[in-house]
1. Tell me, what HN-Hα J-couplings in whole Hz come from the Karplus equation 6.51 cos²θ - 1.76 cosθ + 1.60 at θ = phi - 60° for each residue of segment 344-358, using x for Gly and Pro?
2. Set the Förster radius R0 to 35 Å, insert the Cβ-Cβ distance between Asp55 and Gln276 as r into 1/(1 + (r/R0)^6), and round the FRET efficiency to 0.05.
3. Can you divide the C-alpha Rg of segment 274-358 by 2.2 N^0.38 Å and report the result to two decimal places?
4. Could you compute how much accessible surface Tyr290 exposes when probed at 1.4 Å, giving the result in Å² to the nearest 10?
5. Rounded, prolate or oblate: pick one for segment 86-176, where a ≥ b ≥ c are the square roots of the eigenvalues of its C-alpha gyration tensor, a/c under 1.5 means rounded, and failing that, prolate if a/b is larger than b/c, else oblate.
6. Let me cross-check Phe140: its accessible surface, 1.4 Å probe, with only protein heavy atoms counted, in Å² to the nearest 10?
7. Return the carbon/sulfur percentage of the accessible area of the chain, one whole number, probe 1.4 Å, all protein chains in place.
8. Please state the relative contact order of segment 78-154 as a whole percent: Cα pairs under 8 Å, 6+ residues apart?
Amino acid sequence: NECEAAQILISTAADTDWREGTLELGTLRTAEGRALRGTFKWERVGYVPIEPPFDAHPEFPSPICKWIPDPLLPAAPFRVPKGATQALWLTVRAEADAEPGTYAGEVRVLRDGAAFATVPVKVTVRDFTLPKRFGLKTAFSVMDCHTLSRYPDRYDEMRRQSHDILLDHRLNPDDITRTSPPRIDDLLHARERGMNSFNILNIVPPPKKATDWVLLAKPSDLFTDAFYESFTNRVVPYVADLRRHGLDDMAYLYGFDERTSEYYAGIDKMWRRLRQDVPGIPLMTTAKMYADMTEGKTNLPCLVTTDRYCPCSYRWDEKLNGRLRAAGKEVWWYTCCSPRYPYANMASYVNPPVEGRL
């Protein structure tokens, strides 16, 4: 029930140009000849250009580096220009019923149709199985509005494909900023594949167009009876539908992204009303009240009503977390444009991705 990955890098000299390369993957087998119950695939690593200025990181290769690895592209013939490096990504997945043991095979590297190199591969399958339902709650955003904007004629296909990429790696396909509730059929599919958490809606007015992204709203647009009635008219019947499908135990509501103290009284009032109208649905925020608490401000009204606090990772305070958990709260964390070095940030172009694992 897990994937592991490795890379093959092909680097060319200044006078060498690979016109067409490809990989051939062998079958992974035990010494007794038993094939792995699972999959073995390869993808091309794509590269994206970046331009200064950007925040420096001491491990960034060079201030003049223009291209960094980012997307994984489908397996296809590739070219390696003179004086360049092309990365090729290998992924092995062991199914839940894969037998423990060591499996070995090889990858043949072909250049212009001819064998160029053979790379041995060895995989160890441990003698336990990860549970079907994920253990760690995550919210890796797949923003439907951007998928729709990019793939207007293939939206359903690409939405499901983007969800499956995350589910393959035991991550929840979610979006804290969504302005339309997730489709029930998508949630049932994701639950079948292990999902354990999802956001229903971001507490903002609906966008004018389905391809618009709305993250924030002013207090005057949010803390009114008219907005609350409009919002709950959407949420209450949807939560009832979730309960009919047994999905409500994974759901939460998100709001007030990184908002400061002028929002706190309104947040507190809205949380109290929502607790009455959609009982049992946790209420999450990245508002700055957690940061305020780390600075000694503990008399905030919404401390009583917020269920899930989500500070930016550099704000993490384990002593405060202990007090919040003792009060029945959950503490999450996030990264976005920040934090900067020396903090790990999986969303940063210039931070080495391995820092996210460390």
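1. Using θ = phi - 60°, the values come out as 5, 8, 5, 8, 9, 5, 9, 7, x, x, 4, 4, x, 7, 5 Hz.
2. E between Asp55 and Gln276, to the nearest 0.05, is 0.20.
3. For segment 274-358, the normalised Cα radius of gyration comes out at 1.24.
4. The accessible area comes out at roughly 0 Å².
5. oblate
6. 80
7. Within the chain, the accessible surface is 53 percent carbon and sulfur.
8. 23
The values are calculated or read from the model by the stated rules, or taken from the named source; none is laboratory data. Here the structure is a predicted model, which means the values were calculated and not measured. Don't worry about glycine lacking a Cβ; one is built from the backbone with ideal geometry, like all the others, and counts go over all protein chains shown. Please note that ligands, DNA and RNA were not included when accessible areas were found on the heavy atoms of the full protein model with its side chains. Shrake-Rupley method; radii C 1.70, N 1.55, O 1.52, S 1.80 Å.
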